[in-house]
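Quick notes on the structure that follows.
The values are calculated or read from the model by the stated rules, or taken from the named source; none is laboratory data. This one's a predicted model, so the numbers in the text were calculated from it and none came from an experiment. Cβ atoms come from the backbone with ideal geometry, glycine included; neighbour counts cover every protein chain shown.
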Amino acid sequence: MSNTQKLPRPAEELEALASYYDEHDTADEMETGKWVEPMVTTSLRLPREVFEQLKENARREGKRHTAYIRDILEQRVHDSAGDADDLQQINHKLDTLLKAVTTPQKTTSRATTKKTPTRKRATAPDKTKRSA
């Protein structure tokens, strides 16, 4: 390896990892390990300034920019799935309210269901008319 090639981790850390795995049996860890779903590769066109900002943000979090972008995308997909559930609940509640407002309610009160006959009101005689 040439000196110009950059390692993904410091050489000392890689040596320590190599030493650890040379001396330890990891078969038990493999049996209880978490298997990850296979991933796919995609190409994404971004404006240079957006890409540079993503790389800078990833560096600040100690991540590679590809992992950082993947985390953002996974979070967005997760959030939008939650949004869909929330939207479904909101629509259900709105439907319930609409039915409650537009459907006549049955009442059990006799006063509101009993029809009362209307009476003619007695009127006072008109004193302005005079008989001749």
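Numbers below:
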read-out: Number of the condition not met by Lys93 [criteria: (1) modelled with pLDDT under 90; (2) of a type in the set (Lys, Arg); (3) under 20 Å from Leu46 (Cα atoms)]; value: (3)
read-out: Only listed residue being charged (D, E, K, R), at pLDDT 85 or above, surrounded by 10 or more Cβ atoms within 10 Å (Cβ to Cβ) and more than 24 Å from the chain's Cα centre (by Cα), chosen from Glu74, Glu52; value: Glu52
read-out: Among the residues listed as Arg45, Arg9, the single one being out of contact with any Pro (no Cβ under 6 Å at 6 or more places or on another chain) and at pLDDT 90 or above; value: Arg45
read-out: Enumeration of residues in the range 45-83 that are closer than 22 Å to Arg9 by Cα, in a helix (DSSP H, G or I) and of a type in the set (D, E, K, R); value: Glu52, Lys55, Glu56, Arg59, Arg60, Arg70, Asp71
read-out: Members of the range 12-49 found to be under 22 Å from Ile72 (Cα atoms), surrounded by fewer than 10 Cβ atoms within 10 Å (Cβ to Cβ) and of a type in the set (A, V, I, L, M, F, W, C), listed by number; value: Trp35, Val36, Met39, Val40, Leu44
